[in-house]
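Participant: Submitted below is the structure of interest, expressed as C-alpha cells.
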Amino acid sequence: MRWSKTYIPTLRQNQSDAELVSHQLLLRGGFIRKLASGIYLYLPLMQRVIDKFSNIVREEMNRAGALEITMSVLCPAEVWQQSGRYDTMGKEQIRLKDRHDHDMVLCGTHEESVTSLVAGELKSYRQMPLNLYQIQVKFRDEIRPRFGLMRGREFIMKDAYTFDATEESFAISYQKMVDAYFAAFSRAGIEVQKVESDTGAMGGKAAHEFMLLVDTNAGEETILTTENGSYAANLEKAVFVDKAEIENESELKELETVDTPGAATILEVKKFFDVKSTRLAKTILYMADGKPVVALVRGDRDVNEVKLSNAVGAVELEMAKEEEILKYTGGPVGYSGPIGLKDVQIIVDPLVTKLTNFIVGANVDGKHIINVNCGRDFNPTKVMDITLARKGDKSADGSKLIAKSGIELGNTFQLGTKYSEALGAKFLNEAGEEMPCIMGSYGIGITRTPQAVIEKYHDDKGIIWPKNIAPYLVCLIPINLEKEAQAETAEAIYKALNDEGIDVLYDDRKERAGVKFNDADLIGLPIRITIGDKSLQDGNVELKARSEKDMELVKVENIVEAVKKMANRLN
RNA sequence: CGGAGCGUGGCGCAGUCAGGUAGCGCACUCGCCUGGGGUGCGAGAGGUCGGCAGUUCAAGUCUGCUCGCUCCGACCA
C-alpha cells in the first residue's frame, strides 16, 4: 500500500482526554477515532490489525474443532427472559423496542441465542461434542467507558460455546479451548497468564481469565499469584489461608457494653481498647437487591463484595447509605454490630467465628460491646468466606501470594447446565435418558487485545507491533522522492516485496525525512527500509527493526531475503 | 448514580473573574526555500464560542435550564 493512497491521519499532539499510553498511541497513530463515549471507529490501520488478529483466532478455533457461525446482534427480549438474565444483566444491556413495540436487546454475549439455536437441533449424544463460535460486535452499556478500546460500549469479541454430553467430554472440550487460547495469544506476540476468576453475571461453576501482565496502571485487575505460578487468581476470586496470630481467650466472658466516645473507625476502637485489630469484628451493612445484609469480617480485613454478593445471591449489591444504616441497625455509621439486629441477614466470615470475646459496635452512638462470641450472642444467617485476599496472604500450598496487575484478554466459563436447562437444550444419552447439555462459553477481546499489546510494547516514540498482528510488516521510506535513483529503487523494492506477499507500506508522501521517520516510529511497523543517497551510492539500502536500535546495510538485490530473515527472528 | 472538571476553526489551547472589533500554536491551501529525525519565509482559507431561554444599548464573557464529554468511585471483556 502506498501511504498517499491510504488514510492514516497521524497527530503530532496528544489528544487531551486519553489517559492510557496505548489509547493515546492509537489515536495519534491514526488507528481509531472516537464517535461518542466508549464508541470508536476503526480506521484502515486498525482494521488491518483487527483482521490479522481475528484470523489468528479463527485459525486456532478451527484447529480446535470449533465451527464458525454468525448470530444476530439484535435479539428478542423473550430469549433473555427464558434464561432469567433479562433481570440480572441490569442496565449494562442495551435495550430497545422495535416498531411493533416488542422488547429487544443488543447482545453483549450470546449464550441465550446459541442455546436456543441448539435446543431446536440437538437431539442425541451422537451429535456432540459441538463447538460453535463467532467473531462479532458486542454491546455493553458500560457505566463508565474508558481507556479507549479497553472498555468501550461497543467492541468486537470472539465468543465460542461448547455443548457436551458428559463431564468427561466437557473437560476435554474446555481444555481444547484453553490450549487454543494460549496458541492464539502466543502467535499475536504476547504471553498470557491463566487465572481463576469469579463467574459473575455469566453464572455457572468455574471460570478462568487470560491476563496480560503489565507494569502500568493499565491493568484494571489485580492478580494474586504464587511466586512459582502454582496458584493464580484474580483478586475477587482468590482464596487464601489466613496466618494471622490471634490472641484468643479460652474462657468465654460476659457481654459488656462500653462507652467508646469518638471511636468509630477500626483504628480508633483498636486504640481505645489497646488491642490488635484482629480482636475486632468489622460490621458492614450492604443493600442486596434492596434488602439489608450485614457482613462481618475480622477487623484487619476487608469485605470481598463479589464473594458476599455470591453468598446472598444478589444481583446488585451496594454499601448502605447513612440513613439506611440508621434505619436497620438503629445506630450511626461506625457503631454497627450484629447483636440485636432484626430482619437483617448476617453473613459471617469463618475468620470471625474463630474469634472469642471480640469487640463489635453496639448499634448505639458512642458505644461498643465487648466479649462477643458468635453463635452465643448472635446467630449468623450464613458462615461463608467473604474476606478479600491480599498480597502477603498464603495460598493453600503455603506459598506467599504476590500481587500483579493484568489486563483481561480472554475468559473461559464452565457453565454447567444453567442455560441448557433454562432454554431446553436437551438430548437423549446412550441409555435413552433425556439430559441437558453441559456447556462452556469462551471469549477473546478482539479489539481490546491489540490495545493491550500496545500497552506492553511501545517506547516514547510510538508503538512496536509484534509481526503477526502489525498492520504491515514493512515500512518503506525513500528519503527524497525527487531524486530519481531513490524513487526507482523504492518502486522496485515495493514491487519485489509485494510479489513475495509481504505486507509493505510505502511512504511515497512528499514529506521531509523527519516527518516520515516519526510517523513510522509512531505507527510501529516491525521493519523499516530506508532509501537514501548515502547508502544508495554503494547499492545499499538500510534495514532496521522497530524494536532494535541498530540498522544494517543490505544490497538492493538482497533486500527481500534480508526482510524475511529479519522477520523470522522478530517477535 | 455520587464526587470533580471541561465544551471557543480539524487538533491543542488563551480569552470568561472585570460584558465593548474572536485570538495563538499545529494542521490545511498557494508560492518560494530546504531535503537523513516533526525545515524556513511569505500569502490565504476556515469559527452558529455545545444548545435553548433570559438580563443588557451590547453576551464567548452575567443568570437559568439543557445536551455532550473527561477524570475519581461503584460495574465489567
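The values are calculated or read from the model by the stated rules, or taken from the named source; none is laboratory data. For clarity, every value in this text was computed on a predicted model and none was experimentally measured. Positions of Cβ are generated from backbone atoms using ideal geometry, with glycine treated the same way; all protein chains shown enter the neighbour counts. Ligands, DNA and RNA are excluded from the accessible area calculation, which covers all protein heavy atoms including side chains. Shrake-Rupley method; radii C 1.70, N 1.55, O 1.52, S 1.80 Å.
Participant: From the gyration tensor of the Cα coordinates in chain A, what semi-axes in whole Å does the equivalent ellipsoid have, largest first, with each one equal to sqrt(5λ)?
Facilitator: Semi-axis lengths for chain A are 54, 31, 22 Å.
Participant: Here's a follow-up. Give me the 1.4 Å probe accessible area per residue for chain A, excluding ligands and nucleic acids, in Å².
Facilitator: 46 Å²
Participant: Relative contact order of segment A:1-153: what whole-number percent is it, with Cα pairs under 8 angstrom and at least 6 residues apart?
Facilitator: 26 percent
Participant: Distance between the C-alpha centers of segment A:488-505 and segment A:64-86? Whole Å please.
Facilitator: Centre-to-centre (Cα) distance: 45 Å.
Participant: Solvent-accessible area of A:Met319, probe 1.4 Å, all protein chains present, reported in Å² to the nearest ten, please.
Facilitator: Counting only protein heavy atoms, A:Met319 exposes about 110 Å² to solvent.
Participant: Through the Karplus equation 6.51 cos²θ - 1.76 cosθ + 1.60, θ set to phi - 60°, convert the phi angles of segment A:432-441 into ³J(HN,Hα) values in whole Hz; use x for Gly and Pro.
Facilitator: Taking θ as phi minus 60°, the curve returns x, 8, 7, 9, x, 5, 9, 10, x, 9 Hz for segment A:432-441.
Participant: Also, quick follow-up: Working with all protein chains in place, sort A:Arg509, A:Arg376 by solvent-accessible area computed with a 1.4 Å probe, largest first.
Facilitator: A:Arg376, A:Arg509
Participant: Leaving ligands, DNA and RNA out of it, rank A:Val21, A:Val504, A:Val137 by accessible area with a 1.4 Å probe, largest first.
Facilitator: Final ranking, largest accessible area leading: A:Val21, A:Val137, A:Val504.
Participant: Taking a probe of 1.4 angstrom, what is the accessible area of A:Ser4 in Å², to the nearest 10?
Facilitator: 60 Å²
Participant: Put a dot 7 Å past each Cα toward the Cβ at A:Arg95 and A:Arg144; how far apart are the dots in nm?
Facilitator: Here the modelled spin labels are 2.5 nm apart.
Participant: OK, next. Quick check: the distance between the Cα centres of segment A:29-63 and segment A:145-184, to the nearest angstrom?
Facilitator: Comparing the Cα centres of segment A:29-63 and segment A:145-184, I get a distance of 18 Å.
Participant: Further question: Any idea what % of Cα-Cα pairs in segment A:297-418 are farther than 19 Å?
Facilitator: Of the Cα pairs, 60 percent sit more than 19 Å apart.
Participant: Could you name the aspartates and glutamates whose alpha carbon sits less than 18 Å from that of A:Lys565, not counting residues in the same chain fewer than 8 places away?
Facilitator: Partners within reach: A:Asp499, A:Glu500, A:Asp503, A:Glu542, A:Glu548, A:Asp550, A:Glu552, A:Glu557.
Participant: Sticking with this one: Please give the peptides A:24-35, A:481-492 ranked by average Cβ packing (other Cβ atoms within 10 Å per residue), highest first, as a rough proxy for protection.
Facilitator: Most protected by this proxy first, the peptides run A:24-35, A:481-492.
Participant: A further question on this structure: GluC sites (Glu not before Pro), restricted to segment A:289-367: which are DSSP loop and have at most 13 other Cβ atoms within 10 Å?
Facilitator: Sites meeting the loop and neighbour criteria: A:Glu316.
Participant: For A:Lys367, give me every one of the lysines with a C-alpha distance below 20 angstrom, ignoring sequence neighbours fewer than eight places off in its own chain.
Facilitator: Partners found: A:Lys253, A:Lys270, A:Lys271, A:Lys276, A:Lys282, A:Lys327, A:Lys342.
Participant: Could you give the Stokes-Einstein D for segment A:478-571 in µm² per second, using the C-alpha Kirkwood radius, 4 °C, 1.567 mPa s?
Facilitator: 96 µm²/s
Participant: I would also like to ask the following. Just grab the label-to-label distance for A:Asn62 and A:Glu421, each label 7 Å out from Cα along the Cβ direction, in nm (one decimal).
Facilitator: 3.8 nm
Participant: Still on this model: To the nearest 0.05, how large is the calculated FRET efficiency for A:Glu249 and A:Asp302 if R₀ is 30 Å and r is the Cβ-Cβ distance?
Facilitator: My answer for the efficiency is 0.75.
Participant: Using 0.36 nm per residue of separation minus the Cα-Cα distance, give me the extension gain between A:Lys354 and A:Glu167 in nm, one decimal.
Facilitator: That pair, A:Lys354 and A:Glu167, stretches by 63.6 nm at full extension.
Participant: Largest first, what is the accessible-area ranking of A:Thr109, A:Thr356 with a 1.4 Å probe?
Facilitator: Accessible-area ranking of A:Thr109, A:Thr356, largest first: A:Thr356, A:Thr109.
Participant: Let me ask something else about it. For chain A, what does the helix formula give at 222 nm: sum of -39500 (n - 2.57) over DSSP H segments with n ≥ 4, over the residue count, nearest 500 deg cm²/dmol?
Facilitator: The per-residue figure over chain A is -8000 deg cm²/dmol.
Participant: Hey, another quick one. Before anything else, pin down the relative contact order of chain A: Cα pairs under 8 Å, at least 6 apart, normalised by residue count, whole percent.
Facilitator: Here the relative contact order equals 17 percent.
Participant: Please identify the DSSP H helices in chain A that span no less than 20 Å along the helix axis (Cα) and have a mean Kyte-Doolittle hydropathy of -0.5 or more.
Facilitator: Sorted by number, the helices that extend far enough and score high enough are A:167-187.
Participant: Subtracting the Cα-Cα distance from 0.36 nm times the residue separation, let me have the gained length for A:Met104 to A:Asp87 in nm, one decimal.
Facilitator: 4.8 nm
Participant: Continuing with this model, one more query. Pop out the Kirkwood hydrodynamic radius of segment A:228-367 from its pairwise C-alpha distances, inverse of mean 1/r, in Å to one decimal.
Facilitator: Averaging 1/r across every pair of different Cα atoms and inverting gives 16.0 Å.
Participant: Taking a 22 Å limit on the Cα-Cα distance, which of the listed pairs A:Lys461/A:Lys534; A:Lys237/A:Lys391; A:Lys461/A:Lys549; A:Lys307/A:Lys354; A:Lys5/A:Lys510 fall beyond it?
Facilitator: A:Lys461/A:Lys534
Participant: Residues with amide H under 5 Å of A:Glu68's amide H, sequence separation 5 or more or different chain, H placed in the peptide plane at 1.01 Å from N; which?
Facilitator: Under 5 Å from the amide H of A:Glu68 lie the amide H atoms of A:Tyr133, each far enough along the sequence or on another chain.
Participant: Still on this structure, I have one more. Show me A:519-531, A:88-100, A:268-280 ranked by packing, highest mean number of other Cβ atoms within 10 Å first.
Facilitator: Answer by packing, highest mean first, reads A:519-531, A:268-280, A:88-100.
Participant: Quick one: pull the percent of accessible area on chain A belonging to carbon and sulfur, 1.4 Å probe, ligands and nucleic acids left out.
Facilitator: 49 percent
Participant: Below 8 Å between Cα atoms, with a sequence gap of 6+, how large is the relative contact order for segment A:102-224 in percent?
Facilitator: Here the relative contact order equals 17 percent.
Participant: Okay, next question. By how many nm would the segment from A:Val275 to A:Ala487 grow when fully extended, if each residue of separation counts as 0.36 nm and the alpha-carbon distance is taken off?
Facilitator: Extra length available between A:Val275 and A:Ala487 comes to 68.3 nm.
Participant: OK, next. Given the C-alpha centroids of segment A:515-540 and segment A:329-397, what is the distance between them in whole angstrom?
Facilitator: 67 Å
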